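To start, the structure itself, in structure tokens.
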Amino acid sequence: PHERANLNMCSAYTHVFADTLRSIAVVVASVLAMLVEDITSEEADAMAAVVVCTVILLSLLPLLHGMFHTWSELRGILKEEAAERDLPNPMELCAELEEGADDTAPRIEMGMGFA
């Protein structure tokens, strides 16, 4: 059976990976700046930051894919539950609520009962 990754754990691993990668990059950049006279410490740090940011962005792609997949599954479950209960589609219901309430519906006034 195919087991899906827990998105919270994926996120935590990505965070730890990013912190570790940045720490290693700082050490490598400082050694590079010490050994190569043409590279200043600022340039080495900037290069390391760009490399780390690129790797982090690429490592986020599977996490974003998993989030989209989970969101799609949730929408499907909500639609199925609404169909089973013969309820309106939740997305359609939200759209109707945003359009405004029906003026013919009874309203409750403060202390006056139904208007």
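The values are calculated or read from the model by the stated rules, or taken from the named source; none is laboratory data. The structure displayed is predicted, hence computed values, not measured ones. Note: areas computed on protein heavy atoms with side chains; ligands, DNA, RNA excluded. Shrake-Rupley method; radii C 1.70, N 1.55, O 1.52, S 1.80 Å.
To keep it simple, each residue is scored yes or no on (1) closer than 30 Å to Leu7 by Cα; (2) of a type in the set (Gly, Ala, Ser); (3) under 20 Å from the mean Cα position of the chain (by Cα).
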site	(1), (2), (3)
Ala18	yes, yes, yes
Ser23	yes, yes, no
Val36	no, no, no
Ala48	yes, yes, no
Ile56	yes, no, yes
Leu61	yes, no, yes
His65	yes, no, yes
His69	yes, no, yes
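Going by the structure shown, is Val28 part of a helix (DSSP H, G or I), open to solvent by 70 Å² or more (accessible area, probe 1.4 Å) and within 25 Å of His65 (Cα to Cα)? Here the answer is no, as Val28 does not meet what is asked. Number of residues in region 1-25 that are open to solvent by less than 80 Å² (accessible area, probe 1.4 Å) and polar (S, T, N, Q) equals 4.
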